[in-house]
Amino acid sequence: MEAIRRRIGLRSKSTLIEPVRLRKRKSKLYNNDDPAQHRNGAFGLSVTAFTVALRLINCFLVQTSFVPDEYWQSLEVSHRMVFSYGYVTWEWTEGIRGYSYPLVFAVVYKLLHMLSYDTVLLLVWLPRVLQALLAALADIKLFLLIQTLERPDVARWTYFSQLCSWFTWYCCTRTLTNTTETMLTTLALCYYPLPGSKTQSRSKYLALVALAIVVRPTALIVWLPLLAVHIWQEDKKLKLIIYHGLPVGAITLGITTAIDSLIHGKWILVHFNFFKFNVFHNVAEFYGSHPWHWYFTQGFVVVLGPHLPFFLHGCTLASKRDRILILTIFWTIVIYSLLGHKEFRFIYPVLPMCMLFCGKSLASLKVWRKPAAYTLLTANLITALYTGLVHQRGTLDVMGHLQPLCDHVTPNSSQTQVLFLMPCHSTPFFSHIHCPLKMRFLECPPDLTGDMNYVDEADAFYTDPGRWLARTYPYKESLPSHIVFFDVLEQDISAFLNANDFVKTTDIFHTHIPDGRVGRSILIYEQKG
């Protein structure tokens, strides 16, 4: 048949049918290149770049000290782990602090040492840059979380509130365990199964919670209500506990216990010791106590600062889904109020949660939104710059003045070269000197024996400074070459200084608000010759 067709000049149907070519439609309905996706991608990149840049600027504009723990529970321990000299406090020798967190900075120090870049500048600033990057990640994740939960304007104003918070600016780049606890808590919240969240992940949020507890065991206080609500609302409770909770807990506890036991040279369970010393021995109150209402009347008010009225207004706009966050904030403040020893930084982990309600408040304002935003930004900026650049900067500046003494270190000498007559742990130590300079400070370990007449070295000194110095340094040959102290002590020890030929060489500004044993400036006296 095909041959007959060819003879009479007919072609088959298959050859008659030409392939159909569809023209490319210009309609956006058929276009796979969605401009909205490109805009969202560009916006996400710009937010990321801006946040990272801001936190790095934040890092270098915080040049003051906050509390001793930002050095003595991190950098000083890390320095001792890597280099052959250093000092660790009683908390580490008694095994109530874990080495997992300082180990992070110890790895950084070790790499710098191997590359011969272990300068004081890098040892001080590189850990803080890492904290700044972690803070930027937490900021970005918080913004993305609120984007999935709320309207775009609420997400933007929450992001604005988070970035302009003076207390976040003041703390987020410091090497405090509270800072890392806060960042891990914020990251964990992004994966927590909040209703409407599109970033839920049980394993991720539980792992981050476990890490936060490793860094600071009291992180469990913040997470108890959140964990309880999750278990209560979970349909497959047993599966959640067996397949998610127990494996994460077992792996985290196993690794941290192995790290601590290896460094201590014996099996040790740090979290048990932490609970034992703080509950049975009530060690924390040794470092001061406040009335039960302190967080409600001072602590929370100062931490929120200018955000307080917006937070309170935002709570009145809260939806049913937000109640768990309000409960967590209130629960945390109440539990910490039951403890005698109170500090601003203890409630820092709930601050990012508060920013959601500040964002709701600003988004709801119509006529007064811009004036409110400018006022909020200005008030926080002034506070952040003052506390970051001026208030309590002397205890860091003094280490820079002492660092050149490393050029005159006497090997194998037991004589103290620098004596700090200040409240214990007022300054950082070897992490900011980085040489085996012989230094001594007044120690203040708590009594763990139950001795009712116990007096630590710092209290003994301040009771009678002249007598303590005469008893501790009876011979002129044993005197240090430099003595460092706050100006409020100068009159009390002037007779000792004059008798032993000490002269004032440096006067360093510290604070405009002297308090008790802490003065307005720090003095360095050097012995003649």
Spacing of the two label points (7 Å from each Cα toward its C-beta) at CYS435 and TYR287, in nm: 3.1 nm
Sort by residue number and name the cysteines in the chain that have no neighbouring cysteine Cβ under 4.7 Å. CYS59, CYS164, CYS171, CYS172, CYS190, CYS315, CYS354, CYS358
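Which value, to two decimals, describes the C-alpha radius of gyration of the chain once divided by 2.2 N^0.38 Å?
Details: Rg = 29.9 Å, N = 529, 2.2 N^0.38 = 23.8 Å.
Dividing the Cα Rg of the chain by 2.2 N^0.38 Å gives 1.25.
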How high is the FRET efficiency from ALA499 to SER261, r the C-beta distance, R0 60 Å, rounded to 0.05? 0.75
Which Cα, out of ALA138, VAL88, PRO127, lies furthest along the positive dipole direction of the chain (beta carbon charges, K/R +1, D/E -1)? ALA138
Please work out how much length the chain gains when fully extended from CYS406 to LEU111, using 0.36 nm per residue of separation minus the C-alpha to C-alpha distance, in nm with one decimal. 104.0 nm
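In debye, nearest 20, what is the charge dipole magnitude of the range 405-529 about its Cα centre with +1 on Lys and Arg Cβ and -1 on Asp and Glu Cβ, if you could check?
Details: 9 positive and 16 negative charges, 72 e Å.
So the magnitude is around 340 debye.
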Which order do VAL409, VAL107, VAL283 take when ranked by solvent-accessible area (1.4 Å probe, heavy atoms of all protein chains), largest first? VAL107, VAL409, VAL283
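Tell me, what is the percent relative contact order of the range 209-274, built from C-alpha pairs under 8 Å that lie six or more residues apart? Please list the in-between numbers first.
Working: 28 pairs, mean separation 18.8, N = 66.
Relative contact order here is 28 percent.
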Positive-end residue, the range 466-529 charge dipole about Cα centroid, Cβ charges, pick of GLY519, ALA499, HIS482: ALA499
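Do any chymotrypsin sites (Phe, Trp or Tyr not before Pro) in the range 201-303 lie in a loop, going by DSSP, with at most 15 other beta-carbon atoms within 10 Å of their beta carbon, and if so which?
Of the chymotrypsin sites (Phe, Trp or Tyr not before Pro), the ones in loops of the range 201-303 whose Cβ has at most 15 other Cβ atoms within 10 Å are TRP267, TRP292.
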Mean residue ellipticity at 222 nm from the helices of the chain, using -39,500 (n - 2.57) per DSSP H segment of n ≥ 4 over the full residue count, to the nearest 500 deg cm²/dmol? -16500 deg cm²/dmol
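Multiplying the sequence separation of LEU377 and THR449 by 0.36 nm and subtracting their Cα-Cα distance, what value in nm do you get?
Numbers: separation 72, 0.36 × 72 = 25.92 nm, distance 5.05 nm.
My answer for the length gained is 20.9 nm.
Going from most exposed to least, what order do TYR87, TYR159 have by accessible area with a 1.4 Å probe?
On the way: TYR87 55, TYR159 35 Å².
Descending order: TYR87, TYR159.
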With charges only on Cβ, +1 for K and R and -1 for D and E, what is the dipole size of the chain about its Cα centre, in debye, rounded to 20? 4540 debye
Compute and list, largest first, the equivalent-ellipsoid semi-axes of the range 98-237 from the alpha carbon gyration tensor, each √(5λ) rounded to a whole angstrom. 31, 20, 12
How high is the relative contact order of the chain, in percent, with contacts defined as C-alpha pairs under 8 Å that are six or more residues apart? 16 percent
Once whole DSSP H runs in the chain are found, which of them have Cα atoms spread over 15 Å or more along the helix axis and a mean Kyte-Doolittle score of at least -1.0? 35-60, 100-114, 120-149, 152-164, 177-191, 202-215, 219-233, 246-264, 323-337, 351-364, 369-389
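List, in the order given, every pair from LYS110/LYS438; LYS504/LYS528; LYS438/LYS476; LYS110/LYS204 whose Cα-Cα distance in the structure shown is over 19 Å. Don't jump to the answer; show the numbers that get you there.
Working: LYS110/LYS438 23 Å; LYS504/LYS528 10 Å; LYS438/LYS476 17 Å; LYS110/LYS204 29 Å.
As for pairs spanning more than 19 Å Cα to Cα, those are LYS110/LYS438; LYS110/LYS204.
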ALA53-PHE296 pseudo-label distance in nm [points 7 Å out on the Cα-to-Cβ vector]: 4.5 nm
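Ignoring ligands, DNA and RNA, what accessible area per residue does the chain give at 1.4 Å, in Å²? Could you put the intermediate results ahead of the total?
Numbers: 27080 Å² over 529 residues.
Per residue, the chain has an accessible area of 51 Å².
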Using a 10 Å Cβ count of at most 12 others and DSSP loop calls, identify the longest part of the chain lacking such trypsin sites (Lys or Arg not before Pro). 27-197
For ASP69, ASP507, the accessible-area ranking with a 1.4 Å probe, largest leading, is ASP507, ASP69
Count neighbours as other Cβ atoms within 10 Å of each site's Cβ, and list the chymotrypsin sites (Phe, Trp or Tyr not before Pro) in the range 411-494 that are DSSP loop with at most 11 such neighbours. TYR475
Measuring from its Cα centre, the range 87-161 shows a charge dipole (+1 at each Lys and Arg Cβ, -1 at each Asp and Glu Cβ) which, in debye to the nearest 20, is 160 debye
Given points 7 Å out from each Cα along the Cα-Cβ axis, report the GLN527 to ILE335 separation in nanometres with one decimal. 5.2 nm
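The values are calculated or read from the model by the stated rules, or taken from the named source; none is laboratory data. Being a predicted model, the structure only gives us computed values, none of them experimental. All Cβ positions, glycine included, derive from the backbone under ideal geometry; neighbour counts span all protein chains shown. Accessible surface is based on the protein model in full, side chains and every heavy atom, while ligands, DNA and RNA are left aside. Shrake-Rupley method; radii C 1.70, N 1.55, O 1.52, S 1.80 Å.
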